[in-house]
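Peer 1: Encoded as structure tokens, here's the structure I'll be asking about.
The values are calculated or read from the model by the stated rules, or taken from the named source; none is laboratory data. As the structure is a computational prediction, the values presented were derived from the model and not from experiment. Glycine gets a Cβ as well: all are built from the backbone with ideal geometry, and neighbour counts include every protein chain shown.
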């Protein structure tokens, strides 16, 4: 059992709370019984699990078996070490280090769509800053059958714990590219003949817009909207009509409305 706060494994986990260290190592941290269970269920590459014996849940025997079947090392830690590793005041009792998958443009746009993908859509988060919004968008996207996601440079780190918790495990079923430039995204979409739509308060009425598949959807920064590159003539701007002089919606809510309306429209014609 790990009892020393100076142990190198403890220091490694603590460092995973930093974005720079996560990107250097290609690993990230997840916390909580349900999250670790989701990781195993969805085929995530867990490299190590830390568990506190005093806080084991009723599901531990089954989870421990699944971890052993997948040859994931299990390391016991005491309460003090657990609190040091965690970013919450009352940690649940389990943490896991996860290897971040490395996706490419071919993975996202190579027409390798799985049977669960109801609509072939590339979702682009452009400068979304709030981790809760980011995670909620990803969870909503997966629920609607969207699994290909691209994050522009300046978007919040999807692998920070707050964003991860908001995905509720959806992160493990998504193909995500990060640190992309808007110009690069547009160039790729143009080369593949994929029309790009962007949520914008000055766009065409969502409910009067014709959608095709495959397609790309851009959702922008909470305060400033999409980048200038996504306001060009090649991009089709769409907006959700508002009543009672409401100017805008939360970006996560707006994204959910748009994605599900597109899904409804496309599936109703197939």
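Peer 1: Select from segment 215-228 the residues that are in contact (Cβ under 8 Å) with a residue 40 or more places away in the chain and surrounded by 18 or more Cβ atoms within 10 Å (Cβ to Cβ) and list them in ascending order.
Peer 2: 215, 216, 217, 218, 219, 220, 221, 226, 227
Peer 1: Could you give every pair whose Cβ atoms fall below 6 Å, whose first residue belongs to segment 107-126 and is part of a helix (DSSP H, G or I), and whose second residue is modelled with pLDDT of 80 or more, counting only separations of at least 6 or pairs across chains?
Peer 2: 107/175; 108/148; 108/175; 109/192
Peer 1: Between a residue in segment 183-204 that is without any contact (Cβ under 8 Å) to a residue 40 or more places away in the chain and any residue that is assigned to a helix (DSSP H, G or I), which pairs come within a Cβ distance under 8 Å, given they are 6 or more apart or on different chains?
Peer 2: Close Cβ pairs satisfying both conditions: 200/231.
Peer 1: Any residue in segment 65-78 that is modelled with pLDDT of 90 or more, assigned to a loop (DSSP other than H, G, I, E, B) and either within 30 Å of residue 186 (Cα to Cα) or assigned by TED's automatic domain parsing to the domain that holds residue 189 (or both)?
Peer 2: No: segment 65-78 contains no residue that is modelled with pLDDT of 90 or more, assigned to a loop (DSSP other than H, G, I, E, B) and either within 30 Å of residue 186 (Cα to Cα) or assigned by TED's automatic domain parsing to the domain that holds residue 189 (or both).
Peer 1: Out of (1) modelled with pLDDT under 90; (2) more than 24 Å from the chain's Cα centre (by Cα); (3) surrounded by 13 or more Cβ atoms within 10 Å (Cβ to Cβ), what's the single condition that is false for residue 206?
Peer 2: Condition (1) is where residue 206 drops out.
Peer 1: Here's something else I'd like to know. If you take the residues in segment 156-176 that are outside any helix (DSSP H, G or I) and touching a strand residue (DSSP E or B) at 6+ places or on another chain (Cβ under 7 Å), which one is nearest to residue 16 (Cα to Cα)?
Peer 2: Among those residues, the one meeting the criterion is 159.
Peer 1: One residue is enough: does segment 179-199 have a residue meeting the conditions assigned to a strand (DSSP E or B), out of contact with any helix residue (DSSP H, G or I) (no Cβ under 6 Å at 6 or more places or on another chain) and farther than 14 Å from residue 237 by Cα?
Peer 2: Looking through segment 179-199, at least one residue is assigned to a strand (DSSP E or B), out of contact with any helix residue (DSSP H, G or I) (no Cβ under 6 Å at 6 or more places or on another chain) and farther than 14 Å from residue 237 by Cα.
Peer 1: Out of segment 27-56, which residues are buried (at least 16 other Cβ atoms within 10 Å of the Cβ), within 27 Å of the chain's Cα centre (by Cα) and farther than 19 Å from residue 135 by Cβ?
Peer 2: Within segment 27-56, 40, 46, 48, 49, 50, 51 meet the criteria.
Peer 1: Taking residue 14 and the conditions (1) over 30 Å from residue 148 (Cβ atoms); (2) surrounded by fewer than 16 Cβ atoms within 10 Å (Cβ to Cβ), which numbered condition does it fall short on, given that it satisfies the others?
Peer 2: (2)
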